[in-house]
Amino acid sequence: MPPADPSAPPVSLDPAQLAAIDAQLASTDAFLAATYPGETGRRQPVHTVYVPADRYSADLPRRWGDEAIAAVRDIGGIEALCELLGLSGELTEQVGPRVLAKLEREPIEDLRVDFEDGYGDHGDAAEDAQVVRAAAELRRARAEGTATPFAGIRFKCLEASTRRRGLRTLDAFVTAMTDAAMTDAAMTDAAMTDAARATLPQSLVLTLPKVSTVSQVEAMVSACEGLEAALGLAPGRIGFEIQVETPQLILGSDGRIPVVAALHAGRGRVTSLHYGTYDYSASLGVSAAYQSMEHPVADQAKALMQLAVAGTGVQLSDGSTNVLPVGDRDQVVAAWRLHHRLVTRSLTGAIYQGWDMHPGHLPTRFIATYAFYRGGFPRAAARLHAYVHKAGGAVMDEPATARALARYLHRGYVCGALDDAELLTATGVTAQRLELLARPKSDTEHVLSDTNL
């Protein structure tokens with residue numbers, strides 16, 4: 001045995017007792033690792049744009065970007081819009097050019113082709129044709145390099161009246177988007193390796209709406225397993241979002257909170273929870289004039305959703321406003337101010353994604369988002385710099401806070417509000433190192449001391 005460390009304090013628990021405690025907590029360790037793995041580093045888009053399936057085409061993101069830029073021009077330019085929204089002159093100088101560049105380069109981060117409420121019931125033949133067309137247009141966008149970073153469909157819900165139609169649309173779309181280069185022999189070969197499996201685009205997103213029971217999530221898992229087996233996809237490859245639009249998913253008849261169980265019933269497939277503003281509000285009897293992302297019933301539901309996803313790696317998205325920036329100048333400005341305020345409210349409430357329903361929402365989405373990250377950048381960067389370099393400062397931060405600062409800065413970097421050079425100058429940390437530091441389960445001190453990053 002190695003000699004005892006003379007500087008070590010005397011202890012009373014022997015190795016056998018410590019091993020017994022490890023064994024006692026082994027199941028807890030496994031549960032926490034599997035159920036609460038922390039953030040994965042997967043990018044979260046700042047918004048999701050929903051468009052009815054019959055209005056989607058591969059050039060839609062560019063068309064929306066052009067319409068957004070035209071709307072900004074019509075109001076007098078990006079500086080005028082920032083001033084109308086109450087930004088300071090200094091913040092306008094930082095935000096304005098970056099927003100215009102974003103609208104040119106990447107006007108939509110996440111696109112959802114809607115076969116549910118936004119599309120309606122056009123009959124089976126028409127919907128079948130639209131699924132095939134939408135998949136072909138999305139493949140074309142990917143081939144041309146114009147696809148949004150994330151894209152997919154919202155299909156009809158698993159309630160009895162729409163279940164078969166929703167599953168048919170899901171099946172047809174996933175089948176059309178699967179790399180079909182597999183031969184029949186390879187598809188039936190029990191020895192098929194993961195490298196030879198069929199593939200789906202990593203950026204593909206599927207949205208399951210109007211979930212009201214845990215069993216509907218379990219049924220969705222069964223559908224995913226069936227598609228993976230039939231298409232030769234790797235087990236677990238198909239994930240999906242849950243839209244929280246019914247009060248039954250927030251509070252069950254037994255007094256429990258089903259959204260928590262629904263998330264875990266997804267067996268690792270649930271990628272995010274999305275709040276559905278209008279269906280949820282209407283289900284609770286909120287009159288149309290007061291249905292909003294900031295109504296008390298919305299805040300209550302989203303607070304429980306935040307608790308449900310904490311530590312799981314599942315992302316959270318707010319809903320939308322149905323007030324569009326259209327009409328005369330006063331109407332447009334009022335709608336922009338409302339949208340800007342709602343987006344800012346979500347961001348300060350730690351909900352970093354929402355829905356946008358109109359090209360005119362894009363300028364205020366990115367102005368609010370960029371102002372959120374630019375406005376807090378100097379102080380957050382200074383605190384992280386002090387922590388990384390052990391330089392002291394006015395605030396004594398702990399590792400958990402350092403990770404929160406890193407997450408904030410990394411989100412700003414990914415969406416385009418911040419750039420590499422200023423991050424490195426202000427924090428002494430590269431973007432790659434910042435991403436590792438932002439992960440809750442990472443070894444903070446190891447990441448900070450790794451000179452290769």
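Considering only segment 225-312, give the helices (runs of 4 or more DSSP H) lying wholly within it that have at least 3 residues that are surrounded by fewer than 20 Cβ atoms within 10 Å (Cβ to Cβ) and modelled with pLDDT under 95. Reasoning before the result, please.
On the way: elements: 258-265, 277-283, 296-309.
By residue number, no helices (runs of 4 or more DSSP H) qualify.
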Report task. Please indicate, with yes or no, whether at least one residue in segment 364-376 is part of a helix (DSSP H, G or I), more than 30 Å from E79 (Cα to Cα) and either open to solvent by 20 Å² or more (accessible area, probe 1.4 Å) or without any contact (Cβ under 8 Å) to a residue 60 or more places away in the chain (or both). Result -> no
Query raised in the report: Has segment 410-423 got any residue that is of a type in the set (F, W, Y) and either assigned to a loop (DSSP other than H, G, I, E, B) or open to solvent by less than 60 Å² (accessible area, probe 1.4 Å) (or both)?
Result: no
Query raised in the report: Hey, R439 hits all of (1) modelled with pLDDT under 90; (2) farther than 30 Å from R112 by Cβ; (3) buried (at least 18 other Cβ atoms within 10 Å of the Cβ) but one; which does it fall short on?
Result: (2)
Query - Residues of segment 10-45 that turn out to be aromatic (F, W, Y) and touching a residue at least 40 places away in the same chain (Cβ under 8 Å), as a count - result: 1
Report summary line: Residue hits (segment 315-333; farther than 22 Å from A350 by Cα and open to solvent by less than 30 Å² (accessible area, probe 1.4 Å)) are P325, V332, V333
Report task. Determine the pairs where a residue that is at pLDDT below 95, located within segment 330-341, has a partner that is surrounded by fewer than 16 Cβ atoms within 10 Å (Cβ to Cβ) with Cβ atoms under 7 Å apart, the partner being 6 or more residues away or on another chain. Result -> none
Report summary line: Checked against (1) of a type outside the set (V, I, T); (2) under 30 Å from V113 (Cβ atoms); (3) part of a loop (DSSP other than H, G, I, E, B), D66 satisfies every condition except (3)
**Report entry** Hits in segment 46-85 - residues which are in contact (Cβ under 8 Å) with a residue 24 or more places away in the chain, open to solvent by 10 Å² or more (accessible area, probe 1.4 Å), closer than 23 Å to L338 by Cβ and over 23 Å from the mean Cα position of the chain (by Cα)
**Finding:** E67, I69, A71, I75, L84, L85
Report summary line: In segment 104-121, residues that are exposed (fewer than 14 other Cβ atoms within 10 Å of the Cβ) and in contact with a helix residue (DSSP H, G or I) (Cβ under 9 Å, 6 or more places away or on another chain) total 3
Query raised in the report: Among A191, A185, which is modelled with pLDDT under 50 and in a helix (DSSP H, G or I)?
Result: A185
Query raised in the report: In segment 137-153, is there at least one residue being without any contact (Cβ under 8 Å) to a residue 24 or more places away in the chain, basic (K, R), farther than 21 Å from G360 by Cα and surrounded by 14 or more Cβ atoms within 10 Å (Cβ to Cβ)?
Result: no
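The values are calculated or read from the model by the stated rules, or taken from the named source; none is laboratory data. Keep in mind that this is a model prediction, so the values were computed, not measured. Don't worry about glycine lacking a Cβ; one is built from the backbone with ideal geometry, like all the others, and counts go over all protein chains shown. Just so you know, the surface numbers come from the protein's heavy atoms only, side chains and all, with ligands and any DNA or RNA stripped out. Shrake-Rupley method; radii C 1.70, N 1.55, O 1.52, S 1.80 Å.
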